[in-house]
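These notes concern the structure reproduced below.
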Amino acid sequence: MKRLTACVLFLVMICLRVSAQDHLFSQFFNSPVYLNPALNGQFQGDFRMNMSYRNQYTTSGNNSNYLTASIDYNVPRFGGGVGLMFSRSSEGNAFLNSNSIAGIYSYSVGSDQYVLSFGLQAGVSNRSIDYSKLVFDDQIDPVFGVLPGVQSSADALQFNSKYYFDSGAGINLVIGDFMAGGALQHLNGPNTSFTGTPTKIPIRGTGYLTYRFDLNKDDNIDDDQKSYFIPSVVLYKQSTSSSIAAGIEYKHHAVSAGLWYRNGGAQGPSAVVLTLIFDIFVNKETGEKFKFGVSHDVPVSGLNYGNTSGSSEGSINYQTINPYRVDDYQKFEGARRCYDFY
């Protein structure tokens, strides 16, 4: 295959990055099932729907878009539940697209003092490349630039679409005001190569620690009327790529505001992240809730904000009850649960 132009080299770098690192959401706890399958079914109510959308490097000319949506059902006797998650990414002006759908099962053990949750995930993914959008050096004139309608003599890829099975697992522990968890994705090392030479997705590891400081601990008021500081640390590791996000969220009644710093490691840019999350509607008696979140990443190293305009993210969360449910049984009724942290 002939030498690629700078445009194609950018695509190649994207392909290499995708093979080494999955997309990450700044509002990680607003996409709980993507963060950790052990968080599936961990909410008040019966049904929950989450959706997160990320537009990365908005004005770079080669921005990337990511969407993850999930729906899960709380089964109180499991202390967990069952769920379904869909993810889509479009990178490099839609040169490279990925779609996946996965089922999730979670289960919890514990007591009224602690809850330990386990989650399993399995599904099918597709990765495709639009060969018609690639530009090779024999399609470029040194004076006039890209020549429209000129066909390249470069060899085509063996595949432009690849389907594969994917799997993951996670664990989450809540003790009092402390929560810790971890997850592993791509446990089976799926092959995503377009050339026929095997290229496996490396395992992605995620770990996090969270603590909830009750600022009204001695006040005799309901939990939803209190204010909290919630510091968290989240670590991602995939092959040689790593990222650490650390910050604090201030939660007061129906509004949460957060300030975070994400270190992209040796291979990625670092950023300061601002988040705002609003509880638009809450019904304490039924557990019905609607939540909306926005965030913005400002690069502080590795990228120029003026050339990228950073990254923006939005999320919605809705949970409701099953009006026909007759079983009011609740497992670990007196214990703190993960949804108390976000």
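Being outside any loop (DSSP other than H, G, I, E, B), surrounded by 14 or more Cβ atoms within 10 Å (Cβ to Cβ) and free of Cβ contacts under 8 Å to residues at least 60 places away in the same chain holds for only one residue in ILE244, ILE280, and it is ILE244. Residue-level check: of (1) under 16 Å from the mean Cα position of the chain (by Cα); (2) at pLDDT below 95; (3) under 29 Å from PRO323 (Cβ atoms), VAL75 misses just (1).
The set of residues in region 1-53 being modelled with pLDDT of 50 or more, in a strand (DSSP E or B) and more than 19 Å from the chain's Cα centre (by Cα) consists of PHE47 alone.
Among the candidates ASP166, ASP224, single out the residue that is touching a residue at least 12 places away in the same chain (Cβ under 8 Å), touching a His at 6+ places or on another chain (Cβ under 9 Å) and surrounded by 13 or more Cβ atoms within 10 Å (Cβ to Cβ). Please lay out each step first, then the result.
On the way: ASP224 fails: surrounded by 13 or more Cβ atoms within 10 Å (Cβ to Cβ).
From the options ASP166, ASP224, the qualifying one is ASP166.
Within region 78-98, the residues that satisfy the criterion of being more than 14 Å from the chain's Cα centre (by Cα) and surrounded by fewer than 19 Cβ atoms within 10 Å (Cβ to Cβ) are PHE78, VAL82, LEU84, SER90, ASN93, ALA94, ASN97. Within region 260-277, the residues that satisfy the criterion of being among the hydrophobic types (A, V, I, L, M, F, W, C) and surrounded by 13 or more Cβ atoms within 10 Å (Cβ to Cβ) are TRP260, ALA271, VAL272, VAL273, LEU274, LEU276, ILE277. Among the residues of region 283-300, is there at least one that is within 17 Å of ARG48 (Cβ to Cβ), surrounded by fewer than 18 Cβ atoms within 10 Å (Cβ to Cβ), among the hydrophobic types (A, V, I, L, M, F, W, C) and at pLDDT 90 or above? Yes: region 283-300 contains one or more residues that are within 17 Å of ARG48 (Cβ to Cβ), surrounded by fewer than 18 Cβ atoms within 10 Å (Cβ to Cβ), among the hydrophobic types (A, V, I, L, M, F, W, C) and at pLDDT 90 or above.
The values are calculated or read from the model by the stated rules, or taken from the named source; none is laboratory data. It should be emphasised that the depicted structure is a prediction, and the values quoted were computed from it without experimental measurement. Glycine gets a Cβ as well: all are built from the backbone with ideal geometry, and neighbour counts include every protein chain shown.
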